[in-house]
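Asker: Handing you a structure now.
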Number of protein chains: 4
Amino acid sequence: MTKTRMEAFSDGVIAILITIMVLELKAPLTHDWFALIPLIPVFLSYLMSFMYLGIYWNNHHHLLQAVKHVDGRILWANLHLLFWLSLIPFVTAWMGETHFAARPVALYGLVLLLAAVAYYILSRSLIVLHGRDSVLAGAIGRDLKGKASIAIYGMGIALSSVNSWLACALYVLVAVMWLIPDRRIEKTLVRLGS
Amino acid sequence: MTKTRMEAFSDGVIAILITIMVLELKAPLTHDWFALIPLIPVFLSYLMSFMYLGIYWNNHHHLLQAVKHVDGRILWANLHLLFWLSLIPFVTAWMGETHFAARPVALYGLVLLLAAVAYYILSRSLIVLHGRDSVLAGAIGRDLKGKASIAIYGMGIALSSVNSWLACALYVLVAVMWLIPDRRIEKTLVRLGS
Amino acid sequence: MTKTRMEAFSDGVIAILITIMVLELKAPLTHDWFALIPLIPVFLSYLMSFMYLGIYWNNHHHLLQAVKHVDGRILWANLHLLFWLSLIPFVTAWMGETHFAARPVALYGLVLLLAAVAYYILSRSLIVLHGRDSVLAGAIGRDLKGKASIAIYGMGIALSSVNSWLACALYVLVAVMWLIPDRRIEKTLVRLGS
Amino acid sequence: MTKTRMEAFSDGVIAILITIMVLELKAPLTHDWFALIPLIPVFLSYLMSFMYLGIYWNNHHHLLQAVKHVDGRILWANLHLLFWLSLIPFVTAWMGETHFAARPVALYGLVLLLAAVAYYILSRSLIVLHGRDSVLAGAIGRDLKGKASIAIYGMGIALSSVNSWLACALYVLVAVMWLIPDRRIEKTLVRLGS
C-alpha cells in the first residue's frame, strides 16, 4: 500500500484544523483598538496551537519521508493521532476564552500529551513494519525528545492547578524544543545517500 | 480517465467532514470541570462519527487501490457516497445534542445505511467497469460484510424507538467489524503480485 | 507551467464549498420528527447546490484532462470561476431560509449564470492557449450546452418574480442536462488514442 | 526533502482560508433586496481578500516552480507566511463589519504587510538554499515589486487614520500590481529551457 493518500489525507486534516481555529477570533462589533483587548488571550492560545499543529505537520512530514510502505494498522495509528489533534481547536478555544484558567490549561496539556503518545505509537508501528534494521528505525533511534515531551506535558498538567502560566511555559518549552525540526531522519537519509 | 483527482477530491471532502464536526464541541463559558459534563454526549457522538468517517476513508482507500480507471458514472457514484457522508455532521450534532434520543438515533442509522448502500453501488459500478474476472471483482467477492452492515443498520433503526442505546450498540458493532481493515483487497493484490 | 497544483487547489476549494454548506443544516433543539420540517427547504437547497458543485467539479475534471499546460492567464480565469462558485453557499442559505422566495431564487440563478460565464471564459482561454486545432478545441467544439445553460439561467432569473418554483425547475433542468457528464472530451480523447 | 507535501499543505491552507471567509456573508432573514444592503461592505472586503489570497496562491505557485528542494528552515518560513495569511479572514470580517473604519483598515494593512515580509523571507531563504547563481535567484532578482508593496502597505496604514478609503485604494493598487502574474520566474525558466 502506498503512503501517498495517507499523506494527502493527513495534510488535509491538519490544514483544516490549523485554519478553522481562526474562526474563534470573532471580529469585534466596535472599531476602536480597545475592542481587540478581550481577543488577546484567544489570539495567544491560537498562536500556541498554530505552532503545535505546524510542528506536528512538520514532524509528520519528516517521519513519512523515511517510510517505504504502510498497512491497515498504520492507517489506524495515523487516524488515532489525527483524532487527538482534532481536539486542539476545542481546547484552544476553551483555554483562550477562560483566559488560561487552570482546568482548561490542564485539559490542553492532556490533549497534547495524548497526541504525543499517539505520535509515539505511530512511529513505533512504522518501525515494527520496516524492521529494527531499517533506515527509519535508525533515524528515530530511542526517541528521547518524544519521551521528554510526554514527561514535560505531565509536569505541565500537574502544575496547572498551582500556576497555569507556569504550565503554559512548559508547553511553550516543548514547542521550542521541536521548532528545531527533527533533523535525525533527514541526516540519516542523507548519510545513507537515499 | 485517471483516478487521481477523484481520490484527491474524496480525501478533501472526508478530511473536511471529519474536522468540521469538532466545531459542534463549543467551548464552555466557565472553566470548571462540571462545564464539560453537557458536552459528554456531543463528544461521544463525535467519537462515533470520527470512527465511521475514518472507516469510510480507509475502505475507500483500499477499494481504489485495485481500481485501474474510472468513468463519468463512477465519478457520480462516488459523489453519491460523499453526499450521504456529508450529512453525518448534521445527524451527529442532532444525536449528540438530544442526548441520543430515539428519533435522532434512527436518523443517524438511516444516513449510515444510505452511505453503506452508496458504497455498495460504487463498488458494484467499479466491478462492472473492470469486468467480473478483474482483480477488483475477486477482491470484493460477494461482499458479505457490506450486506451484513446494511442489515444491522436496519435492525438498529427499527430498535431505536425501543431503546436508543441498543441501536447505538449495533452501530458500534458494525464499526468494530470494519475497524479491522478490509484485507481482502490487499491480500488479493499481494497474491497476484501486483 | 504544470496544471497539477491548479487542479489540487480547485479540488480543495470545491471540496470545502460542497462541505461547509452542510453547516447551514443546524441540528434542531428538540428530538421529534416535526423539528425537521423547517429544515426541508434548507435541505432541498443544499441538495441542489451539492449537485451543482458536483457537476462543476466533474466538468472541471473532464476539461482539465485534455489540457497540456497552463499560464498565468489561465490561473486567473480559474480563480474567477472559483470566486462565483464560492458564493454558492451564501445564495443557497438565503434561498433555503427564505423558503425559495422570488429574490433569493433570482440571485441564486445570477450566481449560477456568472459561474457558467466564468467556466465559458476558462474553456475559451484554454482553447486560445492550446490552438484552434488542438484536441481540446475539438473536444469542446461550439459548446452548445454551455450556451444553452446560460440562456436557461437567464430565463429562470426573469421568471423568478412570477413563480420561483418554475425558476427552480429550470435550474434543475440545467443540472439534469449536465448530470450526464460531458462525454465530448472523453470521446475525443479516446478517438485520438491519447 | 521534496517540495510536494509543502505545496499540498499550502494549497490546502490557502483553499480553506479563501473559502471560510464566505461564512461571514450571513444570509439575511428577510427576502427583499434591501436586506442585502448591509452586506455590501462585507462583500467588498471579501472580494479584496479573495483577490489577495488568490494572488498569494498564484505567486506561491510561481515561486515554488523554480524550487528544486526544501529543508526544515523553508518549511518554517512557509508556515510563517501561512500564519499571517490565516489572520486575513479575521481582519476581513472586522473591516467589513465596521464599514471600513480607520483602525480595522490599518490592521488589515498591517496583516498584509507582515504577510509580504514573510513572503520576502521565504523567497530569500529559498535563494540562500539554492545559491546566488541559481535559476531561482536570477528569476526573483532584486524583487523591486515585493519591496514596493511593503512600502505602499506602510503608506496605507499611515493614511488609514486620515482617510480609510484612500488606504484601501492603496491596497487595491498593490493587488492590481500583482494581478499581472509574476512572469519573471516563468520567463527565466523558459529562457533557460528548463
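The values are calculated or read from the model by the stated rules, or taken from the named source; none is laboratory data. Just so it is clear, the model here is predicted, and its values are computed rather than measured. Cβ sites come from the backbone with ideal geometry, for glycine too, and all protein chains shown count toward neighbours.
Asker: Considering only residues that are aromatic (Phe, Trp, Tyr) and at the interface with another protein chain (Cβ under 9 Å from one of its Cβ atoms), which ones fall in the range A:44-56?
Answerer: A:Tyr46, A:Phe50
Asker: Residue by residue through the range C:29-61, note down the ones that are of a type outside the set (A, V, I, L, M) and either at positive phi or surrounded by fewer than 20 Cβ atoms within 10 Å (Cβ to Cβ) (or both).
Answerer: The answer is C:Thr30, C:Asp32, C:Trp33, C:Phe34, C:Pro38, C:Pro41, C:Phe43, C:Asn59.
Asker: OK, next. Check A:Val13, A:Val70 and return the single one that is buried (at least 20 other Cβ atoms within 10 Å of the Cβ) and farther than 26 Å from D:Val91 by Cα.
Answerer: Of the residues listed, the single one that is buried (at least 20 other Cβ atoms within 10 Å of the Cβ) and farther than 26 Å from D:Val91 by Cα is A:Val70.
Asker: May I pose another question? Could you check the range D:112-121 and list, in sequence order, the residues that are touching a Leu at 6+ places or on another chain (Cβ under 9 Å) and either of a type in the set (Phe, Trp, Tyr) or crowded, with 21+ Cβ neighbours inside 10 Å (or both)?
Answerer: Those that are touching a Leu at 6+ places or on another chain (Cβ under 9 Å) and either of a type in the set (Phe, Trp, Tyr) or crowded, with 21+ Cβ neighbours inside 10 Å (or both): D:Ala115, D:Tyr119.
Asker: Tell me which of these B:Pro28 doesn't satisfy, since it passes every other one: (1) in a helix (DSSP H, G or I); (2) away from chain C (no Cβ under 11 Å); (3) modelled with pLDDT under 95.
Answerer: (1)
Asker: If you scan the range C:151-186, which residues turn out to be at pLDDT 65 or above and under 30 Å from C:Val135 (Cα atoms)?
Answerer: Selection gives C:Ala151, C:Ile152, C:Tyr153, C:Leu173, C:Val174, C:Ala175, C:Val176, C:Met177, C:Trp178, C:Leu179, C:Ile180.
Asker: Further question: Do we have any residue at all in the range D:10-25 that's more than 9 Å from every other protein chain (Cβ to nearest Cβ), small (Gly, Ala, Ser) and outside any loop (DSSP other than H, G, I, E, B)?
Answerer: Our first condition is that a residue be more than 9 Å from every other protein chain (Cβ to nearest Cβ); within the range D:10-25, this holds for none.
No: the range D:10-25 contains no residue that is more than 9 Å from every other protein chain (Cβ to nearest Cβ), small (Gly, Ala, Ser) and outside any loop (DSSP other than H, G, I, E, B).
Asker: Evaluate the following for A:His60: is it within 25 Å of B:Val22 (Cα to Cα), touching a residue at least 12 places away in the same chain (Cβ under 8 Å) and more than 11 Å from chain B (Cβ to nearest Cβ)? Full working, then the answer.
Answerer: Details: within 25 Å of B:Val22 (Cα to Cα): yes; touching a residue at least 12 places away in the same chain (Cβ under 8 Å): yes; more than 11 Å from chain B (Cβ to nearest Cβ): yes.
Yes, satisfied.
Asker: What is the number of the single condition among (1) facing another protein chain (nearest Cβ under 8 Å); (2) in a helix (DSSP H, G or I); (3) more than 20 Å from the chain's Cα centre (by Cα) that A:Pro38 does not meet?
Answerer: Looking at each condition in turn, A:Pro38 falls short on (1).
Asker: Could you run through the range B:83-104 and say how many residues are crowded, with 24+ Cβ neighbours inside 10 Å and more than 17 Å from B:Phe50 (Cβ to Cβ)?
Answerer: 1
Asker: In the range B:88-104, what residues are closer than 20 Å to B:Ala158 by Cβ and within 9 Å of another protein chain (Cβ to nearest Cβ)?
Answerer: B:Val91, B:Trp94, B:Met95, B:Thr98, B:Ala101, B:Ala102, B:Arg103, B:Pro104
Asker: Still on this model: Taking the range A:138-173 as the search range and keeping residues that are among the polar types (S, T, N, Q) and touching a residue at least 24 places away in the same chain (Cβ under 8 Å), which one is surrounded by the most Cβ atoms within 10 Å (Cβ to Cβ)? Full working, then the answer.
Answerer: Here is the first cut: in the range A:138-173, the residues among the polar types (S, T, N, Q) are A:149, A:160-161, A:163-164.
Those left that are additionally touching a residue at least 24 places away in the same chain (Cβ under 8 Å): A:149, A:160-161, A:164.
Numbers: A:Ser149: 24, A:Ser160: 26, A:Ser161: 12, A:Ser164: 24.
In this case the residue turns out to be A:Ser160.
Asker: Inspect the range D:71-79 for any residue being closer than 20 Å to A:Thr19 by Cα, in contact with a helix residue (DSSP H, G or I) (Cβ under 6 Å, 6 or more places away or on another chain), at pLDDT 90 or above and facing chain A (nearest Cβ under 9 Å) and give the result as yes or no.
Answerer: Checking the range D:71-79: at least one residue is closer than 20 Å to A:Thr19 by Cα, in contact with a helix residue (DSSP H, G or I) (Cβ under 6 Å, 6 or more places away or on another chain), at pLDDT 90 or above and facing chain A (nearest Cβ under 9 Å).
Asker: Here is a further query. Those residues that are basic (Lys, Arg) and more than 20 Å from A:Leu53 (Cβ to Cβ), I need them from the range A:141-182; list them, please.
Answerer: A:Arg142, A:Lys147
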